[in-house]
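Okay, so here's the structure we're looking at.
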Amino acid sequence: MQTADKGLKIDWANMPTYNTIMAVAAGVGLLTLVLFARELIRSPRELSTDGWALNFGVLGLILSTTGLHMTLTWPLAAGGFPFDNIIFGETSLGFGVLLLAAALYLWRRGAGLIERAAQGPASALRAAARVAGPLSAFIGFLGLSMLAIGSAGIRYKLFAAPAQEPISGAFADHPMIEATFMSLLLALVGIGAIAFPFAVRAVRERVDTTAVALRITGWSWAVAGVVFALFGAMNFFTHIGLIVNTM
């Protein structure tokens, strides 16, 4: 990356970037996890486990492959921003593998979940919570990692877009605006993940669908998921504009 008389120039051959599709997939993944849980609670007998398996499989494949490549290629962007390998690569890899695991379970064991639903919603919910229980520790610690990333984003003023990037670049002279926005968004995901083990425990032990932890996880992931998906969709325009403006 260098500054020339005509403005910022970026060697895009050494600056691959695909956190656009990653953001959309991560956002939709968070949102659809909440929608899946909602359907499992309210109408488990109508649950299409094949449909949900396809959804989580598609999103998990996108996040796992891109996240794995970004995690193992160090640094992915030789022209700068090596911290993106950690912030976007490692978290996407972790979330993607979890979504693939959910897809595999619903594909292979979804029929059994529907059979339990025939015995009553509580039976299906408890079964799902028991399956999710062992993974909840990993999810909880991923949540702590998201809080750490959010803290680093504010401490080191990360995520600020250059002036050449449309929309986001309007705040280039005020890096704390985007740093705060992205850091709080990542922290919101983390709060939901930290609450997840407690939500699973409440459902497994008492089938309590009104537990505070369950509501925290649901609302945190739903809100963050929508914002992430919209932000990722917008970035398809802003990142294309950045490339055009800095070639």
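Computed from the coordinates by the stated procedures, all read-outs in this text should not be read as laboratory data. Keep in mind the model is a prediction, meaning the values are calculated, not measured. Backbone-built Cβ (ideal geometry, glycine too); neighbour counts: all protein chains shown.
Before moving on, here are some points about what is shown:
- Comparing Thr91, Pro44, Thr32 along the charge dipole axis of segment 1-100, the residue lying farthest to the positive side is Pro44, per the Cβ-charge model.
- Taken along the Cα-to-beta-carbon direction at a fixed 7 Å, the label points for Gln119 and Leu35 span 3.0 nm.
- Across all directions, the average projected area of the convex hull around the alpha carbons of segment 88-228 is 9.6 nm².
- Farthest positive-ward along segment 142-235 dipole, Cα basis, beta-carbon charges - from Ile194, Ala163, Phe181: Ile194
- Per-residue Cβ neighbour rank within 10 angstrom, fewest leading, Glu46, Glu115: Glu46, Glu115
- Over the chain, DSSP H runs of length four or greater, each weighted -39,500 (n - 2.57), average out per residue to a 222 nm ellipticity of -26000 deg cm²/dmol.
- Given charges at Cβ of Lys, Arg, Asp, Glu: the chain dipole, positive-most of Thr17, Leu76, Ala103: Ala103
- Residues in segment 229-247 reached by a label modelled at Lys9 [backbone nitrogen below 19 Å; 7 Å Cα→Cβ]: 242-247
- The ellipsoid equivalent to the alpha-carbon distribution of the chain has semi-axes of 38, 18, 15 angstrom, derived from the gyration tensor eigenvalues as √(5λ) and listed largest first.
- Amide hydrogen neighbours beyond the local backbone of Leu8, cut-off 5 Å, H modeled: none
- Placing unit charges on the Cβ atoms only, positive for Lys and Arg and negative for Asp and Glu, gives the chain a dipole magnitude near 860 debye about its Cα centre.
- Here r is the Cβ-Cβ distance between Arg215 and Ile154 and R0 is 22 Å; the resulting FRET efficiency, rounded to 0.05, is 0.25.
- Distance between the C-alpha centres of segment 166-188 and segment 48-101: 22 Å, rounded to the whole angstrom.
- Relative contact order computed over segment 12-246 (Cα-Cα under 8 Å; 6+ residues apart), in percent: 26 percent
- Springs between Cα atoms under 10 Å define the GNM used for the chain, and in it the highest mean-square fluctuation of Thr217, Thr73, Thr32 occurs at Thr73.
- In degrees, nearest ten, helix 212-246 long axis to first principal axis of the chain (Cα): 30 degrees
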